[in-house]
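J.: One structure, as structure tokens, below. Some questions next.
The values are calculated or read from the model by the stated rules, or taken from the named source; none is laboratory data. Values in this document were obtained by computation on a predicted structure and should not be read as measured data. Note: ideal-geometry Cβ built from the backbone for every residue, glycine included; neighbour counts use all protein chains shown. Just the protein is used for accessible areas: all its heavy atoms, side chains included, with ligands, DNA and RNA removed. Shrake-Rupley method; radii C 1.70, N 1.55, O 1.52, S 1.80 Å.
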Amino acid sequence: MWTLVLNCGSSSVKFALLQAESGETALSGLAERLGSPEARLVLSQAGQKTESAHPDASYAEVFALLLAELEQLGLREQVGVVAHRVVHGGEKFSAPALIGPDVLESIRACIPLAPLHNPANLAGIEAAQASFPGLPQVAVFDTAFHQTLPPVAYRYAVPKEWYTEHGVRRYGFHGTSHAYVAQEAARMLNRPLAELHLVTAHLGNGCSLAAVSGGKSLDTSMGLTPLEGLVMGTRSGDVDPNLHDYLARQAGLSLEVVTDALNRRSGLTGLSGLSGDMRQLEEAAVQGHAGATLAVEVFVYRLAKSIAAMSVALPGLDALVFTGGIGENSAGVRAKVLNRLGLLGFALDEAANDAAVRGVAGQIGRPGSTPALVVGTNEELMIAREAARLLTPERPGSQQLGSNTLRAVTGGLA
Ligand code: ADP
């Protein structure tokens, strides 16, 4: 059985058709700038990329193109489930959920917590339900993995009623990636996940840390929204909470202007005045660009400081895991971070670190030091596995769904 994994943004859809067991991928791709004259579809199949223009295409048109492609591959009848990445599940979802009217309503109820992402996820789900009638659709939440955080980690020190009445607490994101790389790290260390204490660092355009103990998230660096925590590509991460007030009085900037700048014009972009792209900044720093040098240094310093802070959530630290575009490819960032973390027992193996790029996983610490691992993340595979676990009642840990429930939701095809 093949799983179609969809990640629907406001004007884009990322997709992958894969086997949850083996990870074999038959087709993957990206449709972007949907609804605009520049809308285009990129399909990757057997190492070949094809690109086509589809001016003003909608989700429905993209899904029609996908169906035609599946037909051509002879795989249309073998797609058993559509699994959706959903950004915010609030406190309602600590596991994937089979999508029916109640689940849709609950995702809708989380819109105030993720006003940009959840509406796009919902629109994608509704279009997919129309395009793939009869297939079970599963929602896999970015926040779910962090629902095991204890109150000491998720409560802010603010008036209690902000939490009880408005849900103001830390939720955390990138959960699928943190969960996946923790499992992979256990495999690489050849130890059961149940007895490992890890700090996982997902460093992409968005960046977050998680403290993972026995496969459960105990703390994470993102909070109510994905703006909190580390320095990111365009997001500031932590700033003084009085910033809005100060800039309003000092510069007459509105709430909207400051919020937009903290999300889109800050982080590496704001510090460097050049770019939010780490690869470009590392190249510019070598050429002597002062802003790029500062941006990389601040990124590394804040990251190292946060890793040390995150380890407080754990009874011990068995390994640090790097993943995401920066974590998987920037030997420079990893070296600078580990060199700041000698107090946690890290010592860099330079040759191993330089070798662990472009999809090469590995241990980059010297023998006898605290292990530091580079692990390629695979959110699509994890989403497919989570969906399979939900839909296969006999597997350990899967939700017990009665055949009537499945039939009701899938229209009898499950
Ligand atoms: P997203 O969070 O959008 O999925 P990625 O996980 O692909 O993004 O990460 C993008 C980041 O990874 C960018 O900052 C990019 O510059 C960085 N990156 C990718 N390859 C390299 C590299 N070889 N060296 C340094 N940084 C890299």
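J.: Please enumerate, by chain and number, the lysines with C-alpha under 23 Å from the C-alpha of LYS216, excluding those fewer than 8 residues away in the same chain.
T.: List returned: LYS92, LYS305.
J.: What's the FRET efficiency of LEU75 with LEU343 using the Cβ-Cβ distance as r and R₀ = 56 Å, to the nearest 0.05?
T.: Between LEU75 and LEU343 the formula returns 0.60.
J.: For the chain, with every protein chain kept in place, what is the accessible area per residue (1.4 Å probe, Å²)?
T.: Heavy-atom accessible area per residue stands at 46 Å².
J.: With +1 on the Cβ of every Lys and Arg and -1 on the Cβ of every Asp and Glu, and nothing else charged, how large is the dipole of region 16-162 about its Cα centre, in debye rounded to the nearest 20?
T.: In debye, rounded to 20, region 16-162 gives about 440.
J.: Pulled fully out, how much extra length does the chain show between SER58 and ALA194, if you take 0.36 nm times their separation in residues and subtract their Cα-Cα distance?
T.: Stretched fully, the SER58-ALA194 segment lengthens by 44.6 nm.
J.: With everything on Cα atoms, drop me the angle between helix 117-131 and the longest principal axis of the chain, reported from 0 to 90° to the nearest 10.
T.: Its long axis makes an angle of about 20 degrees.
J.: Can you give me the distance in nm between label points at VAL298 and GLN45, each placed 7 Å from the Cα along the Cα-to-Cβ direction?
T.: 4.6 nm
J.: Here's a follow-up. Can you list the HN-Hα couplings for region 213-219, worked out from phi with the Karplus curve (6.51, -1.76, 1.60; θ = phi - 60°), rounded to whole Hz and with x for Gly and Pro?
T.: 10, x, x, 10, 7, 10, 6
J.: Right, another one. Give me the percent of accessible area attributable to carbon and sulfur for the chain, probe 1.4 angstrom.
T.: 53 percent
J.: Angle between the Cα long axis of helix 255-264 and the longest principal axis of the chain, 0 to 90 degrees, nearest 10?
T.: Between the helix axis and the principal axis of the chain, the angle is about 90 degrees.
J.: With a sphere of radius 12 Å drawn around the Cβ of HIS202, what net charge do the other residues whose Cβ falls strictly inside it have (Lys, Arg +1; Asp, Glu -1)?
T.: Counting the neighbours of HIS202, the net charge comes to -3.
J.: May I ask for the net charge around PRO151, where only other residues with Cβ less than 13 Å from the Cβ of PRO151 are counted and Lys, Arg are +1 while Asp, Glu are -1?
T.: Charge balance near PRO151 sits at +2.
J.: Here is a further query. What does the highest-first list of 100-107, 137-144 look like by mean Cβ count within 10 Å?
T.: Averaged packing, sorted descending, gives the order 137-144, 100-107.
J.: Only residues of region 51-71 count here: report those whose backbone N is under 18 Å from the spot 7 Å along Cα→Cβ of ARG33, or say none.
T.: 51-59, 61-62
J.: So, one more: Which angle from 0 to 90°, rounded to the nearest 10, does the C-alpha axis of helix 59-73 make with the longest principal axis of the chain?
T.: On a 0 to 90 degree scale, this one is about 70.
J.: Tell me which lysines have Cα within less than 19 Å of LYS14's Cα, excluding those fewer than 8 residues away on the same chain?
T.: Correct list for LYS14: LYS49.
J.: Report the antiparallel proportion of the DSSP beta bridges in the chain as a percent, rounded to a multiple of 5.
T.: 70 percent
J.: Amide H neighbours of SER217 under 5 Å, counting only residues 5+ apart in sequence or on other chains, H built in-plane at 1.01 Å?
T.: HN-HN under 5 Å from SER217: THR148.
J.: Still on this structure, I have one more. Taking a ≥ b ≥ c as the square roots of the Cα gyration tensor eigenvalues, with a/c under 1.5 meaning rounded and otherwise prolate when a/b beats b/c, else oblate, which class fits region 99-254?
T.: The shape class here is oblate.
J.: If you don't mind, another one. Roughly how many debye, to the nearest 20, is the charge dipole of region 241-306 about its Cα centre, given +1 on each Lys and Arg Cβ, -1 on each Asp and Glu Cβ, and no other charges?
T.: Using Cβ point charges on Lys, Arg, Asp and Glu, region 241-306 gives about 140 debye.
J.: What list of ³J(HN,Hα) couplings, whole Hz, do you get for region 383-389 from phi and the Karplus terms 6.51, -1.76, 1.60, once you set θ to phi - 60° and write x for glycine and proline?
T.: Per-residue couplings from phi come out as 5, 4, 5, 5, 5, 5, 5 Hz.
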